[in-house]
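For reference, the structure discussed in these notes is given below.
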Amino acid sequence: MRSLTFVMKHAKVQNADYFKTYLSLLMDHRELTLQEAIDYMLASYFDHNLELYGVKPREQFELAIQQLSA
C-alpha cells in the first residue's frame with residue numbers, strides 16, 4: 001500500500017475515479033468502512049489538510065466520496 005500512496009502523491013491531478021479506486025482498495029484490503037477509508041486518506045494522503053494539493057484534488061476527492069456513498 002505504501003508504494004501506491006507514493007505514486008498517487010506524485011501523479012498529476014487525480015480524478016474522482018482515481019480516488020474511488022483508492023478508497024475501494026482501502027475498504028477491501030484493510031476491511032475498512034467508507035468513513036474509516038476517508039479518515040485514512042485524509043491522514044495519509046492529504047496530511048490532514050484537504051487543500052494540500054489545491055482545490056481540484058479536494059473537489060475530486062469529495063466527488064468520489066459522494067459517488068461511493070450513493
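The values are calculated or read from the model by the stated rules, or taken from the named source; none is laboratory data. On a predicted model such as this, the values are computed, not experimentally measured, just so you know. Using ideal geometry, Cβ is built from the backbone for each residue, glycine included, and neighbour counts are taken over all protein chains shown.
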What's the number of the condition residue 13 fails, among (1) surrounded by 14 or more Cβ atoms within 10 Å (Cβ to Cβ); (2) touching a Pro at 6+ places or on another chain (Cβ under 7 Å); (3) of a type in the set (A, V, I, L, M, F, W, C)?
(1)
Residues of the stretch 53-70 classified as assigned to a helix (DSSP H, G or I), without any contact (Cβ under 8 Å) to a residue 40 or more places away in the chain and among the aliphatic types (A, V, I, L, M), total
1
Residue in the stretch 46-55 that is modelled with pLDDT under 95, β-branched (Val, Ile, Thr), touching a Phe, Trp or Tyr at 6+ places or on another chain (Cβ under 8 Å) and loosely packed, with under 14 Cβ neighbours inside 10 Å present:
no
Flagged in the stretch 33-52 as part of a loop (DSSP other than H, G, I, E, B), farther than 19 Å from residue 17 by Cβ and not charged (D, E, K, R), in numbering order, are 33, 48, 49, 52
Any residue that is surrounded by 12 or more Cβ atoms within 10 Å (Cβ to Cβ), of a type in the set (Val, Ile, Thr) and free of Cβ contacts under 8 Å to residues at least 12 places away in the same chain - is there at least one of those in the stretch 17-32?
yes
Filtering the stretch 33-52 down to residues that are closer than 14 Å to residue 69 by Cα and without any contact (Cβ under 8 Å) to a residue 24 or more places away in the chain yields 33, 35, 36, 37
